[in-house]
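This report refers to the structure that appears directly beneath it.
The values are calculated or read from the model by the stated rules, or taken from the named source; none is laboratory data. It should be emphasised that the depicted structure is a prediction, and the values quoted were computed from it without experimental measurement. Glycine gets a Cβ as well: all are built from the backbone with ideal geometry, and neighbour counts include every protein chain shown. We work out accessible area using only protein heavy atoms, side chains counted, and drop any ligands, DNA or RNA first. Shrake-Rupley method; radii C 1.70, N 1.55, O 1.52, S 1.80 Å.
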Amino acid sequence: MQLKKVKAITLGCKVNQYETEAMLEKLQKNDFEIVDYDEIADIYLINTCTVTNLSDRKSRQLIRRSKRENPNSIVVVAGCYSQIKPEEIENMPEVDIIIGTSDKLKISDVLIEYIRGNKVNIVKELDRVSDFEDININNMNDMTRAYIKIQDGCNMFCSYCIIPYARGRVRSRNLKSIADEVKRLADNGYKEIVLTGIHVASYGKDFKDIKLIDAIETIAKVDKIERIRLSSIEPNLIDEDFLKRLKNIDKICDHFHMSLQSGSDKILKLMNRKYDYKSYLEKTKLIRKYYPNAGLTTDIIVGFPYETDEDFQKSVDAVKEINFSKIHVFKYSKREGTPAANMKLQIPGDIKNERSEKLIGIGEKYAKIFNEGFIDKTLDVLFEKSDGEYFKGHSTNYIPIKVKSDKDITNQNLRVYIESIDPINPDGLIGKLI
């Protein structure tokens with residue numbers, strides 16, 4: 001078969017990025033050539049996101065732009081938007097191949113089939129998908145930190161979220177498959193593994209006697225891996241047993257991204273979150289009991305339907321009380337197909353903007369307080385890159401840190417004495433090697 005140039009464009013989360021990498025590796029093994037973003041390609045692979053209506057619009061824009069760039073190209077649309085609205089995508093004249101959130105590793109086969117003259121649409125009903133699709137990778141663009149997908153799907157059905165409909169029910173990856181991929185990544189030079197998935201805290205829910213902590217312990221046994229980092233988790237994961245076992249793993253990073261979404265119990269109930277603020281707060285205290293220097297990061301939505309000034313103030317108070325190391329603030333956006341989109345009392349845009357700006361400012365203040373607590377102390381830093389003046393990396397608790405060095409320290413895990421807040425990046429710190 002004639003060599004074809006492929007350009008990949010990924011929208012959305014780390015899971016999407018991981019799956020794009022896996023598809024590209026599959027294509028390379030079948031004699032396709034991967035080209036850079038600024039090159040014109042024969043094949044455009046667009047891995048879409050559908051978390052908001054804006055995500056859908058961005059996907060459509062990229063589809064049209066790709067076809068304009070090369071009218072004779074093959075446009076492949078994959079991912080969550082394809083899964084949720086396959087008919088809408090099929091009606092776009094620019095689209096040639098549609099793949100949903102399963103069967104992504106069939107990418108080479110469907111391209112070959114299309115080149116032979118057959119239009120392809122392989123969006124599968126997710127109620128027929130019960131097993132984890134064993135996608136894996138050997139390399140990523142970041143040569144220090146590697147993401148590994150250990151589960152797919154979500155059973156939570158938060159009222160604002162379309163993802164359970166796009167990804168289906170929880171499906172977990174078996175431990176041997178996880179260990180095998182981590183070993184390959186370790187052999188290829190990666191020092192840090194980040195466990196990712198659609199709802200990582202639910203890992204093992206579809207197994208009888210396996211939980212997330214079992215996967216972490218399995219990875220920890222792999223030689224050459226120096227760090228294990230969790231991506232987003234849920235409060236229901238955190239208990240004494242989990243943290244006791246976690247504390248016995250010296251490779252684990254003391255960084256926990258645990259979505260709060262609101263400090264108001266009323267809003268949490270409307271969101272169909274499975275906790276109240278008091279229980280969430282207790283989980284943060286439990287984490288800090290075992291990891292006093294833990295970086296606690298979170299997501300908060302402002303302007304959710306029925307959110308009053310009092311409800312918003314409870315989110316503000318939560319940020320102050322917990323002292324997160326970083327917060328990600330999102331203005332609520334209606335997502336067609338979710339219960340929250342049909343709630344009667346929607347919050348005006350100007351109020352959302354005002355609340356967002358206020359909460360971001362407070363979050364930045366408390367992030368600085370958190371970071372200042374490490375001045376004149378030492379932290380372990382895995383260095384990822386250099387800008388020519390500084391080497392940059394992250395501490396175990398996920399603070400960006402930079403140092404100067406006469407030697408190349410990329411992909412080295414080193415002890416750093418912290419001297420000051422970074423004036424260019426207030427989220428970060430400046431230190432010196434010990």
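Using a simple spin-label model with points 7 Å from Cα along the Cα→Cβ vector, what separation in nm is obtained for Asn91 and Arg68?
Simple spin-label model gives 2.2 nm for this pair.
Taking θ = phi - 60°, what integer Hz values does the Karplus form 6.51 cos²θ - 1.76 cosθ + 1.60 yield along region 204-220, in sequence order, with x for Gly and Pro?
Running phi through 6.51 cos²θ - 1.76 cosθ + 1.60 with θ = phi - 60° gives x, 4, 8, 9, 7, 10, 10, 10, 4, 4, 5, 5, 5, 5, 5, 5, 4 Hz.
Under the rule that a partner needs its Cβ under 4.7 Å from the first Cβ, which Cys of the chain have none?
Cys13, Cys49, Cys80, Cys154, Cys253
Apply the a/c threshold of 1.5 to the C-alpha gyration tensor of region 148-298 and tell me whether it is rounded, prolate or oblate.
Verdict is oblate for region 148-298.
Mind checking which aspartates and glutamates have their C-alpha under 18 Å from Lys85, skipping anything on the same chain fewer than 8 residues away?
Once the sequence-local aspartates and glutamates are set aside, what remains near Lys85 is Asp56, Glu94, Asp96, Asp103, Glu125, Asp127, Glu336.
For the chain, what is the percent of antiparallel DSSP beta bridges, rounded to the nearest 5?
Once the DSSP bridges in the chain are tallied, antiparallel ones form about 35 percent.
Could you work out how far apart the two model spin labels at Arg57 and Arg415 are, taking each label as a point 7 Å from the Cα in the direction of the beta carbon, and quote it in nm?
Rounded to a tenth, the inter-label distance reads 5.3 nm.
At 1.4 Å probe size, with the rest of the protein present, what percent of the exposed accessible area of region 190-308 is carbon and sulfur atoms?
That share works out to 50 percent.
Over the heavy atoms of Cys49, what accessible area does a 1.4 Å probe trace out, to the nearest 10 Å²?
Counting only protein heavy atoms, Cys49 exposes about 20 Å² to solvent.
Taking only protein heavy atoms into account and a 1.4 Å probe, give the accessible area per residue of the chain in Å².
45 Å²
Between Asn138 and Asp209, what FRET efficiency comes out of the Förster formula 1/(1 + (r/R0)^6) with R0 = 30 Å and r the beta carbon distance, rounded to 0.05?
Efficiency computed from Cβ-Cβ geometry: 0.50.
Among all stretches of the chain without exposed GluC sites (Glu not before Pro) (DSSP loop, at most 13 other Cβ atoms within 10 Å), which one is longest?
It runs 126-335.
From the phi angles alone, apply the Karplus equation (6.51, -1.76, 1.60; θ = phi - 60°) to region 300-311 and give each ³J(HN,Hα) in whole Hz, x where the residue is Gly or Pro.
Those phi angles translate into 9, 9, 10, x, 5, x, 6, 6, 8, 4, 5, 4 Hz.
At 1.4 Å probe size, with no ligands or nucleic acids counted, give the accessible surface of Arg57 in Å², nearest ten.
Solvent-accessible area, nearest 10 Å²: 120 Å².
Taking a probe of 1.4 angstrom, what is the accessible area of Lys205 in Å², to the nearest 10?
140 Å²
What ³J(HN,Hα) values, in whole Hz, does the Karplus curve 6.51 cos²θ - 1.76 cosθ + 1.60 give for region 414-430 when θ = phi - 60°, with x put for Gly and Pro?
Each residue of region 414-430 in turn: 10, 7, 10, 8, 8, 9, 6, 6, 6, x, 7, 10, x, 6, x, 10, 10 Hz.
Ignoring any ligand, DNA or RNA, what whole percent of the accessible area of region 336-395 comes from carbon and sulfur when the probe is 1.4 angstrom?
Solvent-exposed carbon and sulfur of region 336-395 make up 49 percent of the total.
Give me, ordered by chain and number, the residues 5 or more places off Ser102 or on other chains with an amide H under 5 Å from its own placed amide H.
Lys124
Which trypsin sites (Lys or Arg not before Pro) does region 311-400 hold that lie in a coil by DSSP with at most 10 other beta carbons within 10 Å?
Lys344
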